Amino acid sequence: MLFDAACKSFPLAAAPLSADQLAAQRWNLLADDLAYPLAVLKRSALNHNLAWMQDYARRKRVHLAPHGKTTMSPELFRLQLQAGAWGLTFATIFQLGVGVAAGVRRAIIANQVVGAADLAGLRALLQAHGDLQVWFLVDSLAQLQRIEQWAASQDPCQPFDVLLEVGVPGKRTGCRTQEEALALAQALSVSPAVRLWGVECYEGNAAQCDSDHDVQAVSDLVRRVLDVVRQCDAQQLFAADRIVLTAGGSAVFDLVLPLLTTGQLSRPVEGVLRSGCYITHDHAHYRRYLKLVEQREGLQASLLPALEVWTMVQSVPEPGLAFLTCGRRDISYDIELPMPQRLARASVRDMGDVVATPPDWRITALNDQHAYLQFDPEGLVPAVGDRVVLGLSHPCTTFDKWRWMVVAEDDGLVTGAIHTCF
């Protein structure tokens, strides 16, 4: 993979470079070697998060299949697999194809597969890679009927492996009642088009970032899912020699462990946690949720923010208002606006001289290419040419705005890069 001037913020005067050639350039975040805005992955925090989450899954005796839609980066997929991930999770067949090309051989599509083109695409991937195993979600008899109709029009071949999804009323996909779930499981168990391996849920639909509420709501969901699992097991509806149970977003993943580690079934359980945003974490949304996880688990520290966007002050047109070279095209804003984290004056060349931004500094609005920075004109005042490092909420919607991201060391030296496939 070559990076060049077609990538936002890559120096236009530089020759195309591969990731392993970047270190030799000696580019540094504090030397203005790359254009602004610039999405930056901090290597030390990435490595910490990879190791921490994998160790958490090991200690809890569950598998980790991170959600690849978070980053859609083959380089980061490989790092997750190298760290010990059981597999990866995706939301679409397109995403699965990117993962398979990156070396993924065990995957969950945490979504319904319905259309003929997607079913054909999945079958093509399975036929091209004999060591590939994929499970996708089914939540209705109508979906099953479409799968069966498609399969009947094709040459006979291996049935698809599927998981029954149990949902939350009023929220995203999934069976709403126990009766509906059991009827679907019975139909799946006798269908020639699929093999029922287990049950899935997404507990994030029930969470509100309030520990009292979340513990109760997710525990209720876990009990509902376990009831379905036990009934399916008692009726011998599962097709394999083990039962796959999977859940786990990035917010309250600790609360679904009783589901993933359940016993007293007729065959072994493979519990699979699907957290995705852990690899970069963030500075607000998931950070708040993780503080509650730390309290419930008795942890002192866990994940670190590894993704930030570096910007430059381009104008200070009036007291208390500055404009940064970053907008909706460059950083997440779907949950909340970016947050100033650090200030590097234009003359600063050492990370030891980078300072935290004052609490009164706030991003109050974004245009396509501008961030509105409000500050107290009687306090620390930004100047044109200064660098302001922005933190973010919900990393997924920053990744999809960049074809590449640099990887930097703690001293600001750029030593690598990743690319994305959105």
Worksheet entry | Residues that are in contact with a Leu (Cβ under 7 Å, 6 or more places away or on another chain), of a type in the set (A, V, I, L, M) and part of a loop (DSSP other than H, G, I, E, B), drawn from segment 250-305 | L303
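How many residues, within segment 210-243, are small (G, A, S) and crowded, with 18+ Cβ neighbours inside 10 Å?
Looking only at segment 210-243, we keep the residues that are small (G, A, S), and these are 211, 217, 219, 234, 239-240.
Right, trim to crowded, with 18+ Cβ neighbours inside 10 Å and you get 217.
The total comes to 1.
Name the residues in segment 53-66 that are within 26 Å of K401 (Cβ to Cβ) and out of contact with any helix residue (DSSP H, G or I) (no Cβ under 8 Å at 6 or more places or on another chain), would you?
Step one: of segment 53-66, the residues within 26 Å of K401 (Cβ to Cβ) are 53, 65-66.
Correct list: A65 only.
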Response to the item:
Of the conditions (1) farther than 23 Å from V134 by Cα; (2) modelled with pLDDT under 95, the single one that A217 does not satisfy is (2)
Worksheet item: Would it be correct to say that V114 is modelled with pLDDT of 95 or more and farther than 22 Å from L164 by Cβ?
Response: no
Response to the item:
If you go through R61, R43, R26, the only one that is at pLDDT 95 or above, basic (K, R) and either touching a Gly at 6+ places or on another chain (Cβ under 7 Å) or within 22 Å of P338 (Cα to Cα) (or both) is R43
Practice prompt. Give segment 249-270 a look and list any residue that's polar (S, T, N, Q), more than 18 Å from the chain's Cα centre (by Cα) and either crowded, with 24+ Cβ neighbours inside 10 Å or at pLDDT below 95 (or both), or say none.
Written response: Q264
Discussion item. Please determine whether any residue of segment 79-90 is touching a Gly at 6+ places or on another chain (Cβ under 9 Å), under 14 Å from F422 (Cβ atoms) and not basic (K, R).
Written reply: yes
Practice prompt. Kindly list the number of the only condition in (1) within 26 Å of L141 (Cβ to Cβ); (2) under 22 Å from the mean Cα position of the chain (by Cα) that fails for L273.
Written response: (1)
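Which of the residues spanning segment 362-400 are part of a loop (DSSP other than H, G, I, E, B) and in contact with a strand residue (DSSP E or B) (Cβ under 8 Å, 6 or more places away or on another chain)?
At the first step, the residues of segment 362-400 found to be part of a loop (DSSP other than H, G, I, E, B) are 367-370, 375-386, 392-395, 400.
Of everything in segment 362-400, those that are part of a loop (DSSP other than H, G, I, E, B) and in contact with a strand residue (DSSP E or B) (Cβ under 8 Å, 6 or more places away or on another chain) turn out to be H370, F375, L380, V381, P382, A383, V384, G385, D386, L392, S393, P395.
Determine, yes or no, whether T246 is buried (at least 17 other Cβ atoms within 10 Å of the Cβ), among the polar types (S, T, N, Q), assigned to a loop (DSSP other than H, G, I, E, B) and on the phi < 0 side of the Ramachandran plot.
Numbers: buried (at least 17 other Cβ atoms within 10 Å of the Cβ): yes; among the polar types (S, T, N, Q): yes; assigned to a loop (DSSP other than H, G, I, E, B): no; on the phi < 0 side of the Ramachandran plot: yes.
In short, no.
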Item to complete: Considering (1) within 29 Å of V316 (Cα to Cα); (2) surrounded by 18 or more Cβ atoms within 10 Å (Cβ to Cβ), say which one H419 fails and leave the rest.
Response: (1)
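Among the residues of segment 41-80, write down those that are part of a strand (DSSP E or B) and over 20 Å from C396 (Cβ atoms). Give the derivation first.
Within segment 41-80, the subset part of a strand (DSSP E or B) is 41-42, 63-64, 67.
Within segment 41-80, H63 is the sole residue that qualifies.
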Fill in: Among residues of segment 328-350, those that are within 18 Å of A284 (Cα to Cα) and assigned to a loop (DSSP other than H, G, I, E, B), counted
10
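The values are calculated or read from the model by the stated rules, or taken from the named source; none is laboratory data. Please read all numbers here as calculations on a predicted model, not as lab measurements. Reconstructed Cβ throughout: ideal geometry from the backbone, glycine too, with neighbour counts over all protein chains shown.
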